[in-house]
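Here is the structure we will look at.
Read the figures in this text as sums done on the coordinates, not as results from a lab. Note that this is a predicted model, so its numbers are computed, not measured. Using ideal geometry, Cβ is built from the backbone for each residue, glycine included, and neighbour counts are taken over all protein chains shown.
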Amino acid sequence: MPNTNRITALLQRSQAGLLAAAQAVPEDSWRTPPSPGAWSAAEVFAHLAMVEEAITGGVARMLAAPPKKLAFWQRIHLPPRLSRYRQFKRKTPIPLDPAMVLEKAESLSRHAALRKRALALFSENASRDLQAYRVKHPFFGYLDFNEWFSNIGYHELRHTEQIQEIVEVFQK
C-alpha cells in the first residue's frame, strides 16, 4: 500500500510553496498576464481550482461505485510526478472558466478551502486499499486513488514555478 504520509506531505509542501510564491505577486499585477498569451497569476489559480475540484469530485464519485475491472495493460500508466515538469507542455483539457478568475484574496481563500476538502477526503480514505479504483487521466492513463492525490501536488508544483516566473517579470 502507498505511503499516505508521503502524499499528505506532498500536498502540504506544494500548497505552502504555491502560497509563498503567490504572496510575492503584487496585488495590482494579480490579473495581469506577464506577456501576451500567458496566464496571469489569477488565471493560474483559477486553473488550479478547476483541476482540484475536478479531481476531488471525480474521486468522490469513483468511490461511490464499485471499482471497474481493467485489463492489465490499462493499468500501465505514466507516473503522476511528470505533472511537475514544465518541459512537457500540454494544453489543459479543462478550458479556463473566466468566472473562476478572482482577485488575489478570493483566489487564495478558495485555494485553502479546496485543499482542506481534498485533504479531508484523502485522510478519510487513506487507510483503505483503493488501488482497484482507477479513473483515466487525459495524459497519464488510469490512475488510482492515491495517484490522483499525488497528481494534485505535482501539478501544483508545476504551476508554482509558473507563478515564480510571473513574479520575476513584475520585479524587473
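Data overview
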quantity: Lysines whose Cα lies under 30 Å from that of LYS104, excluding same-chain neighbours fewer than 8 positions away; calculated: LYS89, LYS91, LYS116, LYS172
quantity: Calculated diffusion of the chain, Stokes-Einstein form, Kirkwood radius summed over Cα pairs, 37 °C and 0.692 mPa s, µm²/s; calculated: 196
quantity: Estimated distance in nm for a label pair at ILE76 and GLU161, the labels positioned 7 Å out from Cα along Cα-to-Cβ; calculated: 2.7
quantity: Reachable aspartates and glutamates, given that their alpha-carbon falls under 16 Å from the alpha-carbon of LYS69 and they are not under 8 places away in the same chain; calculated: ASP129, ASP144
quantity: Whichever lysines have a C-alpha closer than 19 Å to that of LYS68, once near sequence neighbours (fewer than 8 apart) are set aside; calculated: LYS136
quantity: Two-decimal Rg to Rh for the stretch 1-85 - Kirkwood Rh, Cα set; calculated: 1.07
quantity: Within a Gaussian network of the chain (alpha carbon springs, distance under 10 Å), most fluctuating of ILE94, ILE152, ILE55; calculated: ILE94
quantity: Selection from ALA132, HIS155, GLN15 lying farthest towards where the dipole of the chain points positive, charges on Cβ; calculated: ALA132
quantity: Of ALA41, ALA105, ALA24, the one that fluctuates the most in a GNM where the chain has Cα springs shorter than 10 Å; calculated: ALA105
quantity: Percentage relative contact order, the chain, counting C-alpha pairs under 8 Å, at least six apart; calculated: 44
quantity: Dipole moment magnitude, nearest 20 debye, the chain about Cα centre, only Lys, Arg, Asp, Glu C-beta charged; calculated: 740
quantity: Net charge, ASP28 excluded, C-beta distance under 14 Å - Lys, Arg +1, Asp, Glu -1; calculated: 0
